[in-house]
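The values are calculated or read from the model by the stated rules, or taken from the named source; none is laboratory data. Source: prediction; values computed, not measured. Cβ: placed from backbone, ideal geometry, glycine included. Neighbour counts: every protein chain shown. Accessible surface areas use protein heavy atoms only, side chains included; no ligands, DNA or RNA. Shrake-Rupley method; radii C 1.70, N 1.55, O 1.52, S 1.80 Å.
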Amino acid sequence: MPGRPIWQCAGKREPEKEQEAQRWIEAVTGEKFPSDVPYELALRNGIILCKLMNRLQPGIIPKVNVSGGDYKFMDNISQFQNACIKYGVPDVDLFQSTDLWDQKNIALVTQTIFALGRTTHKHPEWRGPGLGPKPAEENRREFSEDVLRAGEAVIGLQAGTNKLASQSGQNFGASRKIILGK
């Protein structure tokens, strides 16, 4: 759309989430983002993202391209995405390369970083900070047949009650007026 900045074309960006993701990346990598470059441009070449993955799991990305032009930087993004999957981030949480490279959906890039931060909770070897809430773990319960049968007889209050239910006294809208003979 003419006249609209690229960042407004896709998902709604949340500056506070981007700042939280940036602070987490800086804490994990031990490196500050360039102060004169916006968040999305600092991530665009994939170098920071690759460094992040290599801090979370050393050696998961064997070669990070720090020069070589657009093709090499796009390869960094692809390597980051593959490393995320190996690390355990669900592939549905990953952004597409063009979301970052062409800045089409920076909100989705931030969402991927949060998904990566949540996944760190599943790695006991990672002793650094996590990002976002810890994922829920299964809490399986076993009940005896007697307990299950007893539960069938109880009507939970969530189901409500129909005691004393009637429609008397309800008055919705105007009453109907019948006009005869005109």
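Here the 3J(HN,Hα) profile of segment 83-100, calculated from phi with Karplus coefficients 6.51, -1.76 and 1.60 at θ = phi - 60°, is 5, 4, 5, 4, 6, x, 6, x, 5, 5, 8, 8, 7, 7, 3, 5, 4, 8 Hz, Gly and Pro shown as x.
By the scheme Lys and Arg +1, Asp and Glu -1, what is the net charge of all other residues having a beta-carbon under 15 Å from that of LEU108?
Surrounding charge for LEU108 is -2.
Taking 18 Å as the straight-line reach from the Cα of LYS122, the lysines in range (excluding those fewer than 8 positions away in the same chain) are LYS86, LYS134.
Within a straight-line Cα-Cα reach of under 18 Å, LYS17 can be paired with the following aspartates and glutamates, leaving aside sequence neighbours fewer than 8 residues apart in one chain: GLU26, GLU40, ASP93, ASP99.
Write down the accessible area per residue of segment 97-140 in Å², having rolled a 1.4 Å probe over the full set of protein chains. Please report the intermediate quantities before stating the final value.
Numbers: 2460 Å² over 44 residues.
Per residue, segment 97-140 has 56 Å² of solvent-accessible surface.
Could you tell me the calculated FRET efficiency between ILE85 and LYS32, based on Cβ-Cβ distance and R0 = 30 angstrom, to the nearest 0.05?
0.60
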